[in-house]
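The values are calculated or read from the model by the stated rules, or taken from the named source; none is laboratory data. Not measured: the values here are computed from a predicted model. Neighbour counts run over all protein chains shown; Cβ positions are idealised from the backbone, glycine included.
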Amino acid sequence: MDKLKKKIIRYFIVCAVGISIAESVSNIVFDVVMENVILPRVEQNPNPAMVVLILAAAVMISILILAAGALIFYRLVKKAVEEESRRRAAEQNMLYSCIAHDLKTPMTSVQGFAAALRDGKIKDEEKDEICDIIYLKTKHLNELVDTLSAYSKLGTEDFALNFENVNICTLVRDMAAMNYSDFESRGMELVVDIPDEPIICRLDKKEFTRAVNNVIVNACKHNRSGCEVLIRVHNDGEHTYITIADTGDGIPEELVPNLFDPFVCGNASRTSGTGSGLGLAVSARIAGKHGAKLSYITDIEGYSKGFVFKITDCI
């Protein structure tokens, strides 16, 4: 929707400039014709009707130029709206399809294990293990629903953030601590580089925590054992940066241009239960709502790839 608004504003500016140029050109041509053709004739044969006709022609030319500009603007906007509507419809169709796919797999497993328990087909010594599996599957379902809800909510026009002064160092340090055991269980080394001095930014604490945590969780889930993951916060005097980098495999080049679109992680990742494909899309939308930017980079010394939040609204 923001892209559509920017496109409409751009069309308006172009059409307004075009109308202004056309009006100026027509005035120059009209002045030349008046001075060299019409005025000499009027001086030779004064005729009030001719003067009225000339003035009416000048007004009509201005109206035609304005009408032509308005028509062009209308058609450009109509085309842009239709394209955006088709894009959103396609995105919604893909969203519903992927929702059904992502929810069906764990639901089928839960249904099967529950039926087996009900029918007494599970041995007593296996019941605890099956209950753990059911718990993990339902937990994954809950995470999917929360992520899908967040993505849909962020796309609405009436969604509003609750800004407050937040110490970004404390926020990111807490998230690193919260996810530390997950990195440790996967045999990954977590490096935290966060200054002790507070860096205060104007943020919606809940939503921005979700945005950063999505990237941290992705770094844990989508990298192999033995990788090193860096979580860094620094300020250059103008902007604050949150970097989450790792030494894992790079992202395929064909995915990079659409990395922050929904469901770009691929079917294999979603089928394996390692992600919904919405995490980065949600994070990018939240960052955009804050006037911040989430970028993918590959030039971090000592690391193969990473994601960087660039925050401008800091005190």
Hits in segment 216-243 (condition: out of contact with any Ser or Thr (no Cβ under 9 Å at 6 or more places or on another chain) and of a type in the set (Ser, Thr, Tyr)): 225, 241, 243
Can you tell me how many residues in segment 91-112 are out of contact with any Pro (no Cβ under 9 Å at 6 or more places or on another chain), modelled with pLDDT under 85 and not hydroxyl-bearing (Ser, Thr, Tyr)? 10
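Okay, residues lined up against (1) touching a Leu at 6+ places or on another chain (Cβ under 9 Å); (2) more than 22 Å from residue 295 (Cα to Cα):
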residue	(1), (2)
135	no, yes
145	yes, yes
148	yes, no
184	yes, yes
197	no, yes
So which residues in segment 229-285 are at pLDDT 85 or above, touching a helix residue (DSSP H, G or I) at 6+ places or on another chain (Cβ under 6 Å), more than 13 Å from residue 214 (Cβ to Cβ) and of a type in the set (Lys, Arg)? none
Within the bounds of segment 202-209, is there any residue that is assigned to a strand (DSSP E or B), buried (at least 19 other Cβ atoms within 10 Å of the Cβ) and at pLDDT below 95? yes
Find all pairs meeting these conditions: Cβ atoms under 8 angstrom apart; at least six residues apart or on different chains; first residue within segment 67-80 and in the same structural domain as residue 13 (by TED's automatic domain parsing); second residue assigned to a helix (DSSP H, G or I) and among the hydroxyl-bearing types (Ser, Thr, Tyr). 73/11; 76/11; 77/11; 80/11
Picked from segment 121-172 (must be part of a helix (DSSP H, G or I) and among the polar types (S, T, N, Q)), the residue surrounded by the most Cβ atoms within 10 Å (Cβ to Cβ) is 147
